[in-house]
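The values are calculated or read from the model by the stated rules, or taken from the named source; none is laboratory data. Please read all numbers here as calculations on a predicted model, not as lab measurements. Here the Cβ positions follow ideal geometry from the backbone for every residue, glycine too, while neighbour counts run over all protein chains shown.
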């Protein structure tokens, strides 16, 4: 029966994905709490080729998808990072991340996982260099002493312990911020596995060679899918017969671009750098897709065949535990989003509506936005809170608004308000 088979595929993907997702997010959390304050930003001030390389390298292990990498890049640019360094960070970071690297290795083997890291690094450096060399005028060199803080760092206004920060960052900020895209990726991957038997796509000429890569680009560029969520989809496509090079194109271009990110890049950097950004992603993903398919795909096929042959007896128990834990967290986050939507839908408009705008600092991703919104909209006199990640502005509407109370609510949620 198709439905039973579909549920089995969902469970298989969950058990393969969840342990490495938690492990990778945990490593990223350790980086978060143990790296010195301002470690990243202070290395990015001067406009130089060396700084482009450093910025791109620093972006490789960071678990930022394109929902979080654009505002982070904007923060780096405001703090004095050059356009070349900013673009290198923007291209390389969403393609990788510690959690994504481990999940990719578990699903597709270490050869592809490491190759994807190298591809992200080279494409990021290439985009940064192109930006540097095509600048219409000399860039100003900013003083690193003026770089005050890392925009990815939370200023911890609530005085939380390191391990509280670690838990909130690992579970809520990293995994929680992408849970919708993880669910989408898991459901799509299970559907592909259920509908297409092994090697079915290999019989479609349109998906072979460069044609298949162009099809993957057409799907990947406008859509948003996080780098971790794209891995099970790619694994299912490869199992169904999609050439590995075409799958790698999707794995690179999907997380690196989407319509919203393109609009943000255009608004922040202008037409010329947007063209470099998009062109680097397109040409880089096709070039590395062809390179990997030509030189490494036979070896990868052997890895995929033997990847799950020898599994220790305790692994299914561990995998099941983390799959259940992830499922429970997904249900919790979905419930919170539903309650927030339901409150907004049913809360009556106040007799005399007031508006208040505040500048919130410390938000790094869409899940941070959701935390602030949930905290504010739980107040009985607040009808709605519109939070913008890119600008950090919170537009609050309600009745008898008290700025000091709203600031306390935001601080209790783990963020702070910039005095204006």
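Any residue in the stretch 302-317 that is modelled with pLDDT of 90 or more, touching a helix residue (DSSP H, G or I) at 6+ places or on another chain (Cβ under 7 Å), assigned to a helix (DSSP H, G or I) and over 29 Å from residue 83 (Cα atoms)? Taking every residue of the stretch 302-317 in turn, none turns out to be modelled with pLDDT of 90 or more, touching a helix residue (DSSP H, G or I) at 6+ places or on another chain (Cβ under 7 Å), assigned to a helix (DSSP H, G or I) and over 29 Å from residue 83 (Cα atoms). Among the residues of the stretch 393-404, those identified as surrounded by fewer than 21 Cβ atoms within 10 Å (Cβ to Cβ) and touching a residue at least 12 places away in the same chain (Cβ under 8 Å) are 393, 395, 397, 399, 400, 401, 403. Any residue that is modelled with pLDDT under 75 and farther than 15 Å from residue 14 by Cβ - is there at least one of those in the stretch 226-241? For the stretch 226-241, residues modelled with pLDDT under 75 and farther than 15 Å from residue 14 by Cβ: present. Output the residues belonging to the stretch 37-64 that are modelled with pLDDT of 65 or more and either buried (at least 23 other Cβ atoms within 10 Å of the Cβ) or in a loop (DSSP other than H, G, I, E, B) (or both). Across the stretch 37-64, the qualifying residues are 48, 52, 55, 56, 59, 60, 61, 62, 63, 64. Only one of the listed residues (182, 174, 187, 102) is assigned to a helix (DSSP H, G or I), at pLDDT below 75 and either farther than 30 Å from residue 49 by Cβ or touching a strand residue (DSSP E or B) at 6+ places or on another chain (Cβ under 6 Å) (or both). That residue is 174. The condition of being assigned by TED's automatic domain parsing to the domain that holds residue 190 and in contact with a helix residue (DSSP H, G or I) (Cβ under 7 Å, 6 or more places away or on another chain) does not hold for residue 270. Counting only strands (runs of 3 or more DSSP E) that sit wholly inside the stretch 367-420, those with at least 3 residues that are more than 27 Å from residue 63 (Cα to Cα) are 382-387, 393-398.
Here 362, 328, 414, 392 are screened, and the one residue that is at pLDDT 85 or above and within 24 Å of the chain's Cα centre (by Cα) is 328. For residue 193, the stated conditions hold: it is modelled with pLDDT under 75, within 27 Å of the chain's Cα centre (by Cα) and surrounded by 21 or more Cβ atoms within 10 Å (Cβ to Cβ). Filtering the stretch 122-158 to residues that are at pLDDT 50 or above, closer than 25 Å to residue 273 by Cα and out of contact with any helix residue (DSSP H, G or I) (no Cβ under 6 Å at 6 or more places or on another chain) leaves 122, 129, 133, 134, 135, 136, 137.
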